[in-house]
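Colleague: Pasting a structure here, questions to come.
Throughout, read-outs are computed from the coordinates displayed, never taken from laboratory work. None of the values given here were measured: they were computed from a predicted structure. Here Cβ is always computed from backbone atoms with ideal geometry, including for glycine, and neighbour counts include all displayed protein chains.
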Amino acid sequence: MSVPDPTTGPELTGLERTALYKSLGNPLRRRILDYLGRHTEANSTVLARELGESSGTTSYHLRKLAEQRLIEEIPEKSGGRERWWRALPFSHTTPDPATMSPEEYAAAEHLALLKIEVDTRLFRRAHEEYRGPQGWAQVQRTGAWMTKEDLHAFVRAYQGLLDRYGHTREDAPEGARHVNLRFYAAPEPVGEWNREPTGP
């Protein structure tokens, strides 16, 4: 089933989102997307060599990723049976889980758990590579009292900072590196701060 490009096409249906989550949750497809993100382009032969798979396997998964508009062929480099691919811009907001079908929820949950594993490794590496406030690795852990409106305004401001200081690969100045950033915000459970101590 073909999935429209989420950055330009209409809103995805539940079935299309389910297919998307399953595709993004496939370990090999995630490795292919990661490779294309780091190296810009590749063909099935290059991916097979770098990822330790057969070219037939990588070719199959490249076609599936293309069907879902996660990658596209590079016409000027492709010829005959040799097809080169590059990743497409991707942005998607997961809907309220209460609106999902059981199948969509299961696929989204599986993908979320995979992302948590990746983020956990990134969190540990940031601590291991921290060399002070002037280094590449930075770690910030904090909290504040906010209304929901304050939090939403903060998220918009955070996105504005990314737009202000971030660069595309093509426009990145000399010395720039791709930096992994994660943002999480979760309120304390209701009553957590007012709970009476239960121990001595």
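Colleague: Can you find a residue that is within 21 Å of Leu111 (Cβ to Cβ), part of a helix (DSSP H, G or I) and β-branched (Val, Ile, Thr) anywhere in the range 9-19? Reasoning before the result, please.
Modeller: As a first pass, look at the range 9-19 and keep what is within 21 Å of Leu111 (Cβ to Cβ): 9, 11-19.
Checking which are part of a helix (DSSP H, G or I) leaves us with 14-19.
Applying the additional criterion that residues be β-branched (Val, Ile, Thr) yields 18.
The answer is yes; a qualifying residue exists.
Colleague: When you go through Glu67, Glu104 one by one, which is the residue that is of a type in the set (Asp, Glu), surrounded by 15 or more Cβ atoms within 10 Å (Cβ to Cβ) and touching a Ser or Thr at 6+ places or on another chain (Cβ under 8 Å)? Quick ask: steps written out before the conclusion?
Modeller: On the way: Glu67 fails: surrounded by 15 or more Cβ atoms within 10 Å (Cβ to Cβ).
Answer to the check: Glu104.
Colleague: Within the range 47-76, restricting attention to residues that are β-branched (Val, Ile, Thr) and not in a strand (DSSP E or B), which residue is farthest from Leu20 (Cα to Cα)?
Modeller: Step by step, filter the range 47-76, then rank; the result is Ile74.
Colleague: OK, next. Quick one: is Val139 in a loop (DSSP other than H, G, I, E, B) and touching a His at 6+ places or on another chain (Cβ under 8 Å)? Don't jump to the end; show me each part of the working.
Modeller: Numbers: in a loop (DSSP other than H, G, I, E, B): yes; touching a His at 6+ places or on another chain (Cβ under 8 Å): yes.
Yes, satisfied.
Colleague: Does Thr93 count as without any contact (Cβ under 8 Å) to a residue 60 or more places away in the chain and of a type in the set (Ser, Thr, Tyr)?
Modeller: Details: without any contact (Cβ under 8 Å) to a residue 60 or more places away in the chain: yes; of a type in the set (Ser, Thr, Tyr): yes.
Taking the combined requirement at face value, the residue satisfies it.
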